[in-house]
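What follows is a short report on a single structure.
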Amino acid sequence: MAKAPSTKRLLIDKANSRVVIITSVAAFILVFSLVATKTLISQAGYQNHVISAKKTAVAQLRANIKATNTLKTAYAAFTNTTQNVLGGDPGGKGAQDGNNAQIVLDALPSSYDFPALSASLEKILASQNVTINSIAGTDDEVAQSSNTGSGTPSPIAMPFQISVTGDYQSIQNLIGQFEHSIRPFQIQTLSIAGDQNKLTVNIGAQTFYQPAKTLTIGKKVIQ
């Protein structure tokens, strides 16, 4: 017949079981605390990154608002003048008239418009007492329609050809008009035939337009 365990042995076994339970609970609490602490530290670090990024964004926004106000003041001073940069009347309709902002837009348009260029060329030629033989070029509006704007726009060439007839002084004045025009013109080819009283000039040149600059407000993911 098996001998019944002694009371002392039962107490020892009970104590051992209690120690195992306490140790297990303590180990669980310790592991949970370590994991929770790591998570909290990671979350705190993330929140610090977010707060830092927000502070940077707010500082940039305040700087942008200040720059915008400065720009508005400068723009008003640039356009609200009694005389434009060409010496003309800002409210007039003559060749040298118009406010400074409109003159800048005329100098480098933001869209491709060959018919408008042809009309501008015809106006320049007519003012120099020459006979217009032809104004030619390629109306590439369909192909250029994709150039609507970007963050870093660049000037795009608009080639054209003109042929005129006039005396020596008229032709000289015409070349000077292109050189001093508010709109940039690059004469690439030039051929002259005839005598001093009647010269026929064929010019191959190009001017430019520049698509508008676009501003994109983006989003930044904080990790």
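The values are calculated or read from the model by the stated rules, or taken from the named source; none is laboratory data. Owing to the predicted nature of the structure, the values given are computational and were not obtained by experimental measurement. Neighbour counts run over all protein chains shown; Cβ positions are idealised from the backbone, glycine included.
Some values worked out for this structure:
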read-out: Region 111-152: number of residues that are of a type in the set (S, T, N, Q), under 28 Å from the mean Cα position of the chain (by Cα) and more than 17 Å from THR207 (Cα to Cα); value: 5
read-out: Selected residue [in contact with a Pro (Cβ under 7 Å, 6 or more places away or on another chain) and of a type in the set (Ser, Thr, Tyr)] from THR189, THR207; value: THR207
read-out: Selected residue (criterion: modelled with the highest pLDDT) from residues of region 79-103 that are exposed (fewer than 15 other Cβ atoms within 10 Å of the Cβ) and either touching a strand residue (DSSP E or B) at 6+ places or on another chain (Cβ under 8 Å) or not in a loop (DSSP other than H, G, I, E, B) (or both); value: ALA101
read-out: So ASP167, is it charged (D, E, K, R), in the same structural domain as LEU190 (by TED's automatic domain parsing), surrounded by 14 or more Cβ atoms within 10 Å (Cβ to Cβ) and on the phi < 0 side of the Ramachandran plot; value: yes
read-out: Region 177-194, residues that are closer than 26 Å to PRO115 by Cβ and either assigned by TED's automatic domain parsing to the domain that holds GLY87 or of a type outside the set (S, T, N, Q) (or both); value: PHE178, GLU179, HIS180, ILE182, ARG183, PRO184, PHE185, ILE187, LEU190
read-out: Tally, over region 148-170, of residues that are within 25 Å of GLN96 (Cβ to Cβ) and modelled with pLDDT under 90; value: 1
read-out: Condition met for ALA119 (in a helix (DSSP H, G or I) and over 19 Å from SER181 (Cα atoms)); value: no
read-out: Cβ pairs under 8 Å, 6+ apart, first in region 203-223 and exposed (fewer than 11 other Cβ atoms within 10 Å of the Cβ), second assigned to a loop (DSSP other than H, G, I, E, B); value: LEU215/GLY151; THR216/GLY151
